[in-house]
1. Arrange the peptides 151-163, 270-282 so that the one whose residues have, on average, the most other Cβ atoms within 10 Å appears first.
2. Take the alpha carbon gyration tensor of segment 16-120, find the square roots of its eigenvalues, order them as a ≥ b ≥ c, and report rounded if a/c is under 1.5; if not, report prolate when a/b exceeds b/c, else oblate.
3. Kindly sort His120, His175 by accessible area of their heavy atoms, largest first, with the probe set to 1.4 Å.
4. For segment 295-349 and segment 13-52, what is the separation of their Cα centres, given in Å?
5. Of the listed peptides 196-204, 15-23, 2-10, what is their order by residue-averaged count of other C-beta atoms within 10 Å, with the highest listed first?
6. Which loop trypsin sites (Lys or Arg not before Pro) in segment 329-365, with loop taken from DSSP, have no more than 15 other Cβ atoms within 10 angstrom of their Cβ?
7. Distance check, please: which entries in Lys44/Lys400; Lys40/Lys227; Lys99/Lys226 exceed 31 angstrom between their Cα atoms?
8. Sort the following peptides by mean Cβ neighbour count (other Cβ atoms within 10 Å, averaged over residues), highest first: 142-149, 306-313.
Amino acid sequence: DLSLLRFISAELTRGYFLEHNEAKYTERRERVYTCMRIPKELEKLMFFGIFLCLDAFLYVFTLLPLRVFLAMFRFITLPCYGLRDRRLLQPAQVCDILKGVILVICYFMMHYVDYSMMYHLIRGQSVIKLYIIYNMLEVADRLISSFGQDILDALYWTATEPKERKRAHIGVIPHFFMAVLYVFLHAILIMVQATTLNVAFNSHNKSLLTIMMSNNFVEIKGSVFKKFEKNNLFQMSNSDIKERFTNYVLLLIVCLRNMEQFSWNPDHLWVLFPDVCMVVASEIAVDIVKHAFITKFNDITADVYSEYRASLAFDLVSSRQKNAYTDYSDSVSRRMGFIPLPLAVLLIRVVTSSIKVQGVLAYVCVVLFYCGLISLKVLNSIVLLGKSCQYVKEAKMEEKLFNPVLTATPGKPAGKQQSTFKSTQGISTDENGSTSVTSQPVHQKENMPSLLVTSNSDQFLTTPDGEEKDISQDSSELKHRSAKKDLLEIDRFTICGNRID
């Protein structure tokens, strides 16, 4: 007996019970709380990462010249002490000298690039053309950075490779010229970026600056609707840290050039201040919105950012060990894609052309400023090291710093050695599906290679993926399956697309 009155009465009086679907609504509430926690957790990671980049950047201006001086002093005074070992210089000293020489050569090469001519050339272009140029520069910066760090690593290894090995490279000098060319071209590219941003700041209607800032929000569309895992989000976070720090340096360059044009009038700084705040605020807002929706759509908790921070802290602590595999600045370059040499060359070029040093008092101020930079670098390094140790302990990763790793014996392939070692101790499978050596005690033979305390972060795991794998699968399937990369195995330039599998 349906009737209109009964239908309306049912609609007005019908009830429902949310507790019947408690799990669903609890999950929705947790998603809201996760989005509310993202700004705090993300900014804590960004704050720590920016100071890591600052530490690597200050190293180029402060400790690197001193290390180059000590290396050159050792090289000059070496005949007075005699050749006690087979190396004229230690590998770290060779790398320091190469960095210093590249920095000096590229600095003098930058004098042949006219900043004023480049500024007026870019200013004469239309707004749309400048917008396209700026987007092309961002893509070119990522591409040239990925190849540039490989060039620098190849140079360092070629210059320090043991000489008794069979030569399998083209020589140190060709690698050196490739590195100089890369740093010079990358510095010019960053200069064009800074010049375009300077033109946007000085435009009358600020239309170009508005378009460039709105381009950041286009990044949200290209990111939030794609599949992301923990490893991919970690790499994106590192990229955002590098991008934000680079933008800060570019803003500093823009402010220096504008203050020079207005004879260092402090009133003009307040004219630039609103635009600078708009650029910084847009970067922060875009990062927060992007990461909030990525974590929402991919069911990633906000606690993952503390894991990312612990992984970055692990890199810092491991690079401070006695038998570290690489310099800390190079570790930051591989992890975040931040290569300080080109940016340092450009900043030195802009500062020396904007500030004239004349008279004894000016040189005293330069010396005091340099001492202040060294103090800032040392203070920043001490605080970062202390915080990094704290984060590593909180993540319970300190035992991985002293985990013994087998060294490869000469004349024996590494693959056979690892298979022998695994067959001796047994193999277990973790949640990621990758194999790891169990900690069962076994009796070591006399001919077994010695164990060394190393800090190779590629050997360790931090965060397992949430999905459990079936350990009873066929051995052939396990053989051809590529193990998922862990956080400590991922650098800035391993990504291809949006998945790392």
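The values are calculated or read from the model by the stated rules, or taken from the named source; none is laboratory data. Model, not experiment: these values are computed from the prediction. With ideal geometry, Cβ positions are generated from the backbone for all residues, glycine too; neighbour counts draw on all protein chains shown. In case anyone asks, the SASA skips ligands and DNA or RNA and just uses the protein heavy atoms, side chains included. Shrake-Rupley method; radii C 1.70, N 1.55, O 1.52, S 1.80 Å.
1. Values: 151-163: 15.9, 270-282: 14.1.
For the peptides 151-163, 270-282, the packing ranking is 151-163, 270-282.
2. Oblate.
3. Ranking His120, His175 by accessible area, largest first, yields His120, His175.
4. Centre-to-centre distance over Cα atoms comes out at 27 Å.
5. On the way: 196-204: 19.2, 15-23: 7.4, 2-10: 9.0.
Order by mean packing, descending: 196-204, 2-10, 15-23.
6. Answer by residue number: Lys356.
7. Lys99/Lys226
8. Going from most to least packed, we get 306-313, 142-149.
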